[in-house]
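The values are calculated or read from the model by the stated rules, or taken from the named source; none is laboratory data. If you're wondering where the values come from, they're calculated on a predicted model, not measured in any experiment. Glycine also receives a Cβ, built like all others from the backbone with ideal geometry; neighbour counts cover every protein chain displayed.
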Amino acid sequence: MRLLITTPGAIVADHADITAVRAEDETGEFGVLPHHADLVTALSVSVVGWRHQDGRQGYCAVRGGLLTVSDGCEVAVATREAILGDDLGRLETVVKGRLTSEAEEERQARARAEHLRVQAIRQMIGFLRPQASSGGRDRP
């Protein structure tokens, strides 16, 4: 099988000698072997692992993303951030914690931006309908 892992700015991994891939989506961990049915799934912040034909292992921490299996022989992962590593224990501990923390920071930033948007809309409504904000006291 071929495994291709990409980010918006780079091809992180491109191997044509893969015998198995392991990944994780919101339902849990799963494996892909040659002749797998076509598949599209959203990956969790996790570590994608694979085995080469010669038995070597490879690992890549991903910040979520999309995994596709095409024609049973090509596995492609598109992710915003990917970090390769050769020691699974260290990679998983350090990187998964960091990526999860960064994802939470992004979620909080989006929530703050949404809060500011709601406040701005309330201000605009107050300026457009001043009687609504004063409880109707300005009516004749």
Given (1) of a type outside the set (Lys, Arg); (2) within 19 Å of Glu26 (Cα to Cα); (3) part of a helix (DSSP H, G or I), index of the condition Val77 fails: (3)
Single match in Val32, Val12 (criterion: in contact (Cβ under 8 Å) with a residue 40 or more places away in the chain, over 18 Å from Glu81 (Cα atoms) and either surrounded by 16 or more Cβ atoms within 10 Å (Cβ to Cβ) or not small (Gly, Ala, Ser) (or both)): Val32
One residue from Ala61, Ala13 being small (Gly, Ala, Ser), touching a Cys at 6+ places or on another chain (Cβ under 9 Å) and outside any helix (DSSP H, G or I): Ala13
Filter result for Thr19 (over 14 Å from the mean Cα position of the chain (by Cα) and free of Cβ contacts under 8 Å to residues at least 40 places away in the same chain): yes
Selected residue [within 19 Å of Arg22 (Cβ to Cβ), loosely packed, with under 13 Cβ neighbours inside 10 Å, modelled with pLDDT under 95 and not hydroxyl-bearing (Ser, Thr, Tyr)] from Gly85, Gly72, Gly97, Gly89: Gly89
Residue in region 89-99 that is of a type in the set (A, V, I, L, M) and either assigned to a loop (DSSP other than H, G, I, E, B) or in contact with a Phe, Trp or Tyr (Cβ under 9 Å, 6 or more places away or on another chain) (or both) present: yes
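Return the residue satisfying two criteria in turn: it lies in region 37-55 and is in a loop (DSSP other than H, G, I, E, B) and in contact with a strand residue (DSSP E or B) (Cβ under 8 Å, 6 or more places away or on another chain), and of such residues it is farthest from Val77 (Cα to Cα). Quick ask: steps written out before the conclusion?
Step one: filter region 37-55 for residues in a loop (DSSP other than H, G, I, E, B), giving 37-38, 53-55.
From what is left, the residues that are in contact with a strand residue (DSSP E or B) (Cβ under 8 Å, 6 or more places away or on another chain) are 37-38, 53.
Working: Ala37: 16, Asp38: 14, Gln53: 20 Å.
For region 37-55, the residue satisfying everything is Gln53.
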Matching option when the condition is exposed (fewer than 14 other Cβ atoms within 10 Å of the Cβ), in contact with an Asp or Glu (Cβ under 8 Å, 6 or more places away or on another chain) and part of a helix (DSSP H, G or I), among Gln123, Gln108, Gln131, Gln119: Gln131
Near pairs, Cβ below 6 angstrom, 6+ apart or cross-chain, from region 79-96 (within 19 Å of Thr6 (Cβ to Cβ)) to any residue that is assigned to a helix (DSSP H, G or I): Ile83/Val95; Gly85/Leu91
Residue within region 18-36 that is of a type in the set (Gly, Ala, Ser) and assigned to a loop (DSSP other than H, G, I, E, B) present: no
